[in-house]
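Input: a single structure, listed below in structure tokens.
The numbers here are math on the coordinates, done by the rules we state, and not lab data. On a predicted model such as this, the values are computed, not experimentally measured, just so you know. Counting neighbours? That spans all protein chains shown, and the Cβs are built from the backbone with ideal geometry, glycine included.
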Amino acid sequence: MSVTVRVPAKVNVQLAVGAARPDGFHDLANVFLAVGLYDEVTVTAADELRITCEGPDADQVPLDHTNLAARAAQKLAARHGLAPDVHLHITKDIPVAGGMAGGSADAAGALLACDALWDTNTSRAELLDICAELGSDVPFSLVGGAALGTGRGEQLRPLEVGGTFHWVFAVADGGLSTPAVYAEFDRLTEGVEVPEPLASQPLLDALAKGDSTALAAALSNDLQPAALSLRPSLAGTLAAGTAAGALAALVSGSGPTTAFLTRDAPSATKVAEALLASGTCRTARLAASPAPGATVL
């Protein structure tokens, strides 16, 4: 018997970052929106915990116990006094190390799939606790839709979304390390008073109304200057998408994937074609939001 769970990518439509805390994390006001690019995680009973992976850039995914999906299986097993003896197979379609929470998605997918396979009936609250232990983005990967993440991003409040938003994601060559981007943020803000991160009310209103133009005007990412500092070529990608008619452009999370909000699906196709023709990205993916969270297929 095996269980397969489909889990979405995310884009941060607002990422407000506070100063570094004593524990090294940063307080955030992080508005997550799940988008229709998905990984699938299939778990099957096995003699020991092992991981395999296929899909774009699968060779960049760790196949040892540092993989977040493996850690998810181990944590759930430990809670229930079980051995984490499963074969985890990850089918990647979310860009790897791209700022779209692909690793976090796989962790949430593995958690839900193992819970179903083992018939452990773990409560939603307990699953979310394990997600938070695994990483700041993992709880949202389980929940999907739209949410405001506070604390280090793991404390979620669901948000209303009043329509469909159309996106293009330009995938860059190579990844960017999230810790490196935060370290660069700290370097760039050294000696500067960093304001307390707060959710933007105009942005929340735009989501609730399903208003793409208003959302475009409110998009923000405090990590974008750090990502551009480490990868200056991303400025050319942002410019190419904007020139092609995107309503707004920003670095997705810690990057290096860049996100372009468009008016509708035909506009998204046009922007994607222009981005590919510009030579400023490796590939361009279209996706709509919001999307459901981790789902057993």
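Structure values in brief
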read-out	value
Residue with peak Gaussian network fluctuation, the chain [Cα springs, cutoff 10 Å], from Pro62, Pro139, Pro266	Pro266
Semi-axis lengths (Å, descending) of the ellipsoid that matches the C-alpha gyration tensor of segment 116-157	20, 11, 8
Top positive-direction residue, dipole computed over the chain with Cβ charges, set Ala288, Ala226, Gly81	Ala288
Euclidean distance between Cα centres, segment 168-198 to segment 232-297, Å	19 Å
Length released on extending from Ala288 to Asp173, taking residue separation times 0.36 nm less the Cα-Cα span	39.1 nm
Student exercise, segment 184-297 dipole from Lys, Arg, Asp, Glu Cβ charges, in Debye to nearest 20	560 debye
Given charges at beta-carbon only (K, R positive; D, E negative), |dipole| of segment 1-115 in Debye	360 debye
Kirkwood Rh and Cα Rg combined as Rg over Rh, evaluated for segment 2-159	0.96
Cross-link reach list, lysines versus Lys270, counting only Cα pairs under 26 Å and skipping chain neighbours closer than eight places	Lys10, Lys92, Lys209
19 Å Cα-Cα reach of Lys75 towards aspartates and glutamates, excluding residues that sit fewer than 8 places from it in its own chain	Asp47, Glu48, Asp64, Asp85, Asp106, Asp115, Asp119, Glu126, Asp129, Glu133, Asp137, Glu154
Convex hull of Cα atoms in segment 165-289, direction-averaged projection (nm²)	7.6 nm²
Reciprocal of mean inverse Cα separation for segment 1-56 (Kirkwood radius, Å)	14.8 Å
Highest-fluctuation residue, Phe25, Phe165, Phe140 considered, GNM on the chain with Cα pairs under 10 Å	Phe25
